[in-house]
Amino acid sequence: MERRQIALYLAAIALGAGIGLVLPGSEHLEVAITPVLGLLLFATFLAVPFASLGRALRDVRFLGAVLVLNFLIVPVVAFGLSRFVSGDPGLVFGVLLVLLTPCIDYVIVFTGLAGGAATRLLAATPLLMIAQMLLLPVYLVTFIGAEGVAMMDVEPFLVAFVSLIVLPLAAAAAVQAIAGRFRAARAVESTMGALMVPLMMATLAVVVASQIAAVSNALGSLLVTVPIFIAFAIVMVPLGAVTGRLFGVDTPARRAVVFSGATRNSLVVLPLALAAPDAFAIAPTVVVTQTLVELVAMVVFVRVIPAVIRSSPE
């Protein structure tokens, strides 16, 4: 990962923050998140050799590492960190909601940028999505009681899965399938490849610009969650690396395991937080705060993870 690209991503975050804080009505940019993120994932999927997806799904050790990390280890970490805000039910709900759900979208992009096994992680996304849909209510009942389940709605998960995974993935597969026969398809591949960095910058800027005002308005209450989300990102690096090693996966796969454990499904669970009752009204801004912390962390991780988990003879 070149320093120039990292600088561009940080600049996009800063630009988004400036727009969101200065321009009135910037929160309406939220409607652009899904289209921009969908295009970014389309470009990402185009770079994935779909012929290798079947082999990736048969990689039981990698899938085991990702599932164990996200659904056995992460819940313990999330519950422990949520104790630091146990006096505020809204903060607890927001922290648990976002930390208990593994990312299924831009984690693939960051994993690829860090030299991780993006193809194998892509193959795991359906399992991750289904597992979190089934297990999130269970964890919320266990950690905060039945009221945590009463507000759950599966529709946002399904909409996000279709719009951010199924449609971009199907479009990319179709383009790859006809690229050998049609020049236009090859032009789409090359164009989207060139647009990867600009699309990532646009995604970062739009997310930050649309959400930064809401965070700043509740900053006093949210400050306590920032160390929680920073601690989560940091802790998941060694936990992910150790989990990958215990399952005996190779270096790219260990990097992918780390990113899967550290990156959360904030863009998907935000609608769930917005639908929460008044008692949990602060939950959406908690989710957004995690997004902002995570975006910075991911840009840093793209540089750090390859240095921490170095290639070695397998």
May I ask you to list the residues in region 87-129 that are without any contact (Cβ under 8 Å) to a residue 40 or more places away in the chain and either open to solvent by 10 Å² or more (accessible area, probe 1.4 Å) or in a loop (DSSP other than H, G, I, E, B) (or both)? Gly87, Pro126
Within the set of pairs 6+ apart or on separate chains, which have a first residue in region 166-182 that is under 15 Å from Ala47 (Cβ atoms), a second that is among the acidic types (Asp, Glu), and C-beta atoms under 7 Å apart? Val175/Glu189; Ala179/Glu189
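Residues checked against (1) part of a helix (DSSP H, G or I); (2) touching a Leu at 6+ places or on another chain (Cβ under 8 Å); (3) within 22 Å of Gln132 (Cβ to Cβ):
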site: Pro168; (1), (2), (3): yes, yes, yes
site: Ser210; (1), (2), (3): yes, yes, no
site: Ser221; (1), (2), (3): yes, yes, no
site: Arg245; (1), (2), (3): yes, no, no
site: Ala253; (1), (2), (3): yes, no, yes
Quick check on my filter: what residues within region 273-283 are surrounded by fewer than 23 Cβ atoms within 10 Å (Cβ to Cβ) and either part of a helix (DSSP H, G or I) or of a type outside the set (Gly, Ala, Ser) (or both)? Leu274, Pro277, Asp278, Ala279, Ile282
Quick one: would you say Leu223 is crowded, with 19+ Cβ neighbours inside 10 Å and either of a type outside the set (Ser, Thr, Tyr) or touching a Cys at 6+ places or on another chain (Cβ under 9 Å) (or both)? no
Restricting to region 188-200, name every residue that is open to solvent by 50 Å² or more (accessible area, probe 1.4 Å) and hydrophobic (A, V, I, L, M, F, W, C). Val188, Ala194, Leu195
Enumeration of residues in region 161-187 that are of a type in the set (A, V, I, L, M), open to solvent by 50 Å² or more (accessible area, probe 1.4 Å) and more than 30 Å from Leu270 (Cβ to Cβ): Ala177, Ile178, Ala184
Any residue at all in region 58-70 that's farther than 22 Å from Val107 by Cβ, in a helix (DSSP H, G or I) and open to solvent by 80 Å² or more (accessible area, probe 1.4 Å)? no
In region 193-202, what residues are in a helix (DSSP H, G or I) and of a type in the set (A, V, I, L, M)? Ala194, Met196, Val197, Leu199, Met200, Met201, Ala202
Return the residues of region 130-153 that are open to solvent by less than 10 Å² (accessible area, probe 1.4 Å) and modelled with pLDDT of 85 or more; say none if nothing qualifies. Gln132, Leu136, Leu140
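Residues are listed down the side, and each one gets a yes or a no for (1) among the charged types (D, E, K, R); (2) assigned to a helix (DSSP H, G or I); (3) surrounded by 20 or more Cβ atoms within 10 Å (Cβ to Cβ):
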| position | (1), (2), (3) |
| --- | --- |
| Leu204 | no, yes, yes |
| Phe229 | no, yes, yes |
| Ala241 | no, yes, no |
| Leu267 | no, yes, yes |
| Glu294 | yes, yes, yes |
| Val299 | no, yes, yes |
| Val304 | no, yes, no |
Taking region 13-31 as the region of interest, how many residues are over 17 Å from Leu292 (Cα atoms) and either assigned to a loop (DSSP other than H, G, I, E, B) or open to solvent by less than 80 Å² (accessible area, probe 1.4 Å) (or both)? 3
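The values are calculated or read from the model by the stated rules, or taken from the named source; none is laboratory data. Just so it is clear, the model here is predicted, and its values are computed rather than measured. Note: ideal-geometry Cβ built from the backbone for every residue, glycine included; neighbour counts use all protein chains shown. These accessible areas exclude ligands, DNA and RNA; they are computed on the full protein's heavy atoms, side chains included. Shrake-Rupley method; radii C 1.70, N 1.55, O 1.52, S 1.80 Å.
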